[in-house]
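The values are calculated or read from the model by the stated rules, or taken from the named source; none is laboratory data. If you're wondering where the values come from, they're calculated on a predicted model, not measured in any experiment. FYI the Cβ positions are ideal-geometry reconstructions off the backbone, even for glycines, and counts take in every protein chain you see. When the accessible area is computed, the model is the full protein with side chains, heavy atoms only, and any ligands, DNA or RNA have been set aside. Shrake-Rupley method; radii C 1.70, N 1.55, O 1.52, S 1.80 Å.
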Amino acid sequence: MEEFEIVKYRRRKQTKKVIIKQIPDEYTGPPTNELCQKIKLAKSHICKTPFYVQFLRLMESICNEGRVSFSEVLCYGIGHVGMCQTAQHQVALLVAMIEEWKPPHTWVFDPVLQPDETRALEAFGLEMIPKNEACRRTVDAKTLAYMPHCGRAMYNNLLWANWDKEKLHHLIIIGNTFSSYTTRLTAKQLQESWYISAILPYCCEVPLPCSFPFPNVLNDTSIHIFPMQRLAQVPSHVWTNCSQPVVDPNDPEIVL
C-alpha cells in the first residue's frame, strides 16, 4: 500500500456544498417492483461507464491481493432510494459491487427507509440491520463501509467503534473525503469529530475517479484505508483516548 501517499492537508478558504438528506412527511416513491427496475437500469448504465472500470481497477490495486474480497459490506445512510435518483445510483453501484465481489453479507441501514424501499433492497440480496446502531459496529475481518454523503458524526462513530490498529486495518471506508473537513469546519466541529481528525494523518485517502456520469452522486468521495505501517506510527496516547462520541440530536446531517 505504500504506493498511495498520505494526503497532506492545510487550511484554506473554500465554499462547499453540503448535502443534507431531507425526510419527507410521507413516502411517495414507486412500489417495490418499479423501484427494482429503476435500480437495475441504473446499475446496467453504471457498469458500462469508464468510471466503473476505473473503480474496479482502483479497488484491486488498493486491496493488493490480486482480487477484491470482503467478509462483509456495510452500507449506512443511503437515504430515500424510492424518491431520490442520487440514492438510486448509489444503491446501483453497491449492487454492482456485491455482484462483482460476492461478499457473504451486505448489511444496510437508514432509519428513513420505508417498506417498499426495504423490499426492493432485499430483492438484490441486501440484508437490513434490525436496529439503529448509529454506525457503532465493530469489525473483525476485512470490511467495506460504503457511506456516500453521510454526516461526519456517522464516520466518527464507526472509527470510534473500531479504535484499534487491527480493526482499523480491516476497514475500508468509501465516503466523504475526510481531509476536506479540515478546510471547512470550525475548531469546535473538528473537536466534535475527534476520531476523524486524529486518524487523518495516518489514513491513506484515494479520491474516486471523477468520471461518474452524474457528479452529485459521488462528489467529494474517497476511499479511506488504514495501512498497518501508518497505524504503527500513531502515538500510544491517541489509542487510549477513546471515549464514546456524543451525537448532537439536532445535527441536520444525521437521523437518530
Are any of the residues in the stretch 113-135 surrounded by 15 or more Cβ atoms within 10 Å (Cβ to Cβ), among the polar types (S, T, N, Q) and touching a helix residue (DSSP H, G or I) at 6+ places or on another chain (Cβ under 8 Å)? no
For the stretch 200-239, give me each residue that is under 21 Å from Leu144 (Cβ atoms) and in a helix (DSSP H, G or I). Leu200, Tyr202, Val217, Leu218, Met228, Gln229, Arg230, Leu231
Kindly provide the set of residues from the stretch 65-112 that are open to solvent by 10 Å² or more (accessible area, probe 1.4 Å), under 20 Å from Leu159 (Cα atoms) and either part of a strand (DSSP E or B) or β-branched (Val, Ile, Thr) (or both), ordered by number. Glu72, Trp107, Phe109
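Given the criteria surrounded by fewer than 18 Cβ atoms within 10 Å (Cβ to Cβ) and in contact with a helix residue (DSSP H, G or I) (Cβ under 6 Å, 6 or more places away or on another chain), does Ser193 qualify? Spell out how you get there, then give the answer.
Numbers: surrounded by fewer than 18 Cβ atoms within 10 Å (Cβ to Cβ): no; in contact with a helix residue (DSSP H, G or I) (Cβ under 6 Å, 6 or more places away or on another chain): yes.
Considered against the rule, which asks whether it is surrounded by fewer than 18 Cβ atoms within 10 Å (Cβ to Cβ) and in contact with a helix residue (DSSP H, G or I) (Cβ under 6 Å, 6 or more places away or on another chain), Ser193 comes out as no.
If I ask for residues that are among the β-branched types (Val, Ile, Thr) and touching a residue at least 24 places away in the same chain (Cβ under 8 Å), which ones from the stretch 192-244 would you list?
As a first pass, look at the stretch 192-244 and keep what is among the β-branched types (Val, Ile, Thr): 196, 199, 206, 217, 221, 223, 225, 234, 238, 240.
Listed by number, the residues that qualify are Ile196, Ile199, Val206, Val217, Thr221, Ile223, Ile225, Val234, Val238.
Restricting the search to the stretch 173-188, which residues are surrounded by fewer than 22 Cβ atoms within 10 Å (Cβ to Cβ) and under 26 Å from His89 (Cβ atoms)?
As a first pass, look at the stretch 173-188 and keep what is surrounded by fewer than 22 Cβ atoms within 10 Å (Cβ to Cβ): 177, 179-188.
Within the stretch 173-188, Thr177, Ser179, Ser180, Tyr181, Arg184 meet the criteria.
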Given Pro215, Pro148, Pro209, Pro227, which one is open to solvent by 20 Å² or more (accessible area, probe 1.4 Å) and either more than 30 Å from Gln85 (Cβ to Cβ) or touching a helix residue (DSSP H, G or I) at 6+ places or on another chain (Cβ under 8 Å) (or both)? Pro209
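Return a yes/no flag: does the stretch 123-145 have any residue that is assigned to a helix (DSSP H, G or I), closer than 30 Å to Glu26 by Cβ and modelled with pLDDT of 95 or more.
Applying the first criterion (assigned to a helix (DSSP H, G or I)) to the stretch 123-145 yields 123.
Those still in the list that are closer than 30 Å to Glu26 by Cβ too: 123.
Right, trim to modelled with pLDDT of 95 or more and you get 123.
Yes.
Within the stretch 193-219, how many residues turn out to be of a type in the set (Asp, Glu) and closer than 18 Å to Gln88 by Cβ?
The initial filter retains those residues of the stretch 193-219 that are of a type in the set (Asp, Glu), namely 205.
Restricting the remaining residues to those that are closer than 18 Å to Gln88 by Cβ gives none.
Within the stretch 193-219, residues that are of a type in the set (Asp, Glu) and closer than 18 Å to Gln88 by Cβ number 0.
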